[in-house]
Amino acid sequence: MASLLLRKLLSRNISPFQLAGFVLANLFGMTIVLTSVQFYTDVLPLFTGNDSFLKPGQVIIAKQVSALRTISGAPPVFKSDEIDALRRQPFIQSVGTFTPSLYHVMATIGGDALGMQMTTEMFFESVPDDYLDIDLTKWHRNHPDGDTIPIVLPRTYLNLYNFGFAGNRGLPTISEGLVGIINIHLLLTGTHGKCRLTGKVVDFSRRLNTILIPQSFMESLNARLCPGIPAPPSRLILQVNNPADERIADYLQANGYDTESNDADASRTAGFLKLVILLVMGVGVLITALSFYVLLLSIFLLLQKHTEKIDSLMLIGYAPHTIARFYDALSLVANIVILALSLALTLLLRNYYLPHFGELYPSYTPSALFLTLLTGIVLFVVISVFNYLSIRRKVIAVWKMHTQ
């Protein structure tokens, strides 16, 4: 009963408009912070996923093919010391090699069921998985010693067939899904025999302009059909900090290397988006900090306004911590409401932008809410503890001032 009377007495002069203003300001700041954190975790796969269309930092290089090299017959391949020199450069994170097939490849596509059949010579290359821009779950379903090889084609190949070759010859166009169900009959011929395998196109690459098979398949087939023959790479794929770095262009030009791709625009786009996210998060943190300050200022003004009342309560036997408990509960309830509403608004905003990610990135999988929830809880705990200590300090200061 005494605590109820105390709450009624202390809450009589609290302005609901002042409290609502704090809640709205705090809600706005907390929502910006949580939405920024969730947006960052959701957009991260667009930058770091293997099949990310925004993943920057890869440059493909090859040696320049000059007339002297053509006359001399020297193959344009990279030696081990040249690769090691590239790895030592400060602007290069890692170096991957294109491993070529040492055997001849004859591919037959189609048949009576498809209404056409084409046979052509082709080639295979492989790169380490870290440099692929595809969904790797489709890449390792088969064993290297099996009869089926997963294949990745450049997306430009399919576009050239559909919009160039097929249209001029009255042939049907082929979708990506249809290509995935067509069997490619392969005849591989090496120095130590032949073998017949079946190829399956599992994905299409946007960046790598070559026909790829897994690295494990390439090593197994080269050792099986062409044992003892070295396979020096004619192309390298570089993982760099910034493709627009002038030092990269200078080094490649000085060593006679050509680039086959330029990710400078993608790198700038990725950097710009990251900067925007950081700026938005900074604004949210600033607004949240200001709203917390408004709360403390409101409580301090309220305590100052009720100094005589608090002094009287203490004189009749109420301890400072008993009086402070009311204001602690007030700020705690306000923070709980703000956290719950902020999480709800964050989910609403997330439901708005997630469909757009799916349109841009077909294999996109939304991230979990764990980091956002953890951020909200951490902010709630930090703010509540800070409010608790500040209120106690202010109440004790009022009590000391009137006891002197």
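The values are calculated or read from the model by the stated rules, or taken from the named source; none is laboratory data. Note that the coordinates shown come from a computational prediction; the quantities given were computed from them, not determined experimentally. Note that each Cβ is placed from the backbone with ideal geometry, even for glycine, and that neighbours are counted across all protein chains shown. Accessible surface is based on the protein model in full, side chains and every heavy atom, while ligands, DNA and RNA are left aside. Shrake-Rupley method; radii C 1.70, N 1.55, O 1.52, S 1.80 Å.
How long is the gain from Val285 to Thr119 if the chain were fully straight, where each residue apart is worth 0.36 nm and the alpha carbon distance is subtracted? Each step should come with its number before you reach the end.
Details: separation 166, 0.36 × 166 = 59.76 nm, distance 6.23 nm.
Here the segment from Val285 to Thr119 would lengthen by 53.5 nm.
First measure r as the distance between the Cβ atoms of Gln239 and Ala340, then evaluate 1/(1 + (r/R0)^6) with R0 = 45 Å and state the FRET efficiency to the nearest 0.05. Please list the in-between numbers first.
Numbers: r = 43 Å, r/R0 = 0.96.
The calculated FRET efficiency here is 0.55.
Starting from the residue with the highest accessible area, list Leu345, Leu279 in decreasing order, probe 1.4 Å.
Working: Leu345 70, Leu279 105 Å².
Largest accessible area first, the residues go Leu279, Leu345.
What residues have an amide H closer than 5 Å to that of Asn241, excluding those fewer than 5 places away on the same chain, when H is modeled at 1.01 Å from N in the peptide plane?
Gln93
Ordering Tyr251, Tyr388 by how much accessible area each has at a 1.4 Å probe, largest first, what is the list?
Details: Tyr251 45, Tyr388 100 Å².
Ranked from most to least accessible, the order is Tyr388, Tyr251.
To the nearest 0.05, how large is the calculated FRET efficiency for Thr156 and Asn255 if R₀ is 22 Å and r is the Cβ-Cβ distance? List each step's numbers first, then the result.
Numbers: r = 28 Å, r/R0 = 1.27.
The calculated FRET efficiency here is 0.20.
Could you pull out every residue, at least 5 positions away or on a different chain, whose amide H is within less than 5 Å of the one on Arg235? Hs are placed 1.01 Å off N in the peptide plane, and Pro or chain starts have none.
Amide H to amide H, under 5 Å and 5 or more residues apart or across chains, Arg235 pairs with Phe98.
Let me check something: with ligands and nucleic acids excluded, how do Thr31, Thr198 order by accessible area (1.4 Å probe), largest to smallest?
On the way: Thr31 15, Thr198 40 Å².
Sorted by accessible area, descending: Thr198, Thr31.
Starting from the exponent 0.38 and prefactor 2.2 Å, build the expected Rg for region 129-230 from its residue count and divide its actual Cα Rg by it.
Values: Rg = 15.1 Å, N = 102, 2.2 N^0.38 = 12.8 Å.
Compared with the compact-globule rule of thumb, region 129-230 sits at 1.18.
Which cross-chain or sequence-distant (5 or more) residues have an amide H under 5 Å from the amide H of Ser205, H modelled 1.01 Å from N in plane?
Leu153, Arg155
Mind grabbing the accessible area of Thr119 for me, 1.4 Å probe, Å², rounded to tens?
Spelled out: Thr119, probe radius 1.4 Å, area about 80 Å².
Loop only by DSSP, 16 or fewer other Cβ within 10 Å of the Cβ. Give me the chymotrypsin sites (Phe, Trp or Tyr not before Pro) in region 153-246 that pass, ordered by residue number. Please report the intermediate quantities before stating the final value.
Details: sites: Tyr157, Tyr161, Phe163, Phe165, Phe204, Phe217; in loops: none.
Nothing satisfies the criteria.
Given points 7 Å out from each Cα along the Cα-Cβ axis, report the Leu374 to Glu176 separation in nanometres with one decimal.
3.2 nm
Please list, in order along region 30-43, the HN-Hα scalar couplings obtained from phi with the Karplus expression 6.51 cos²θ - 1.76 cosθ + 1.60 (θ = phi - 60°), rounded to whole Hz, x for Gly and Pro.
5, 5, 5, 5, 5, 5, 5, 5, 5, 5, 5, 5, 6, 7
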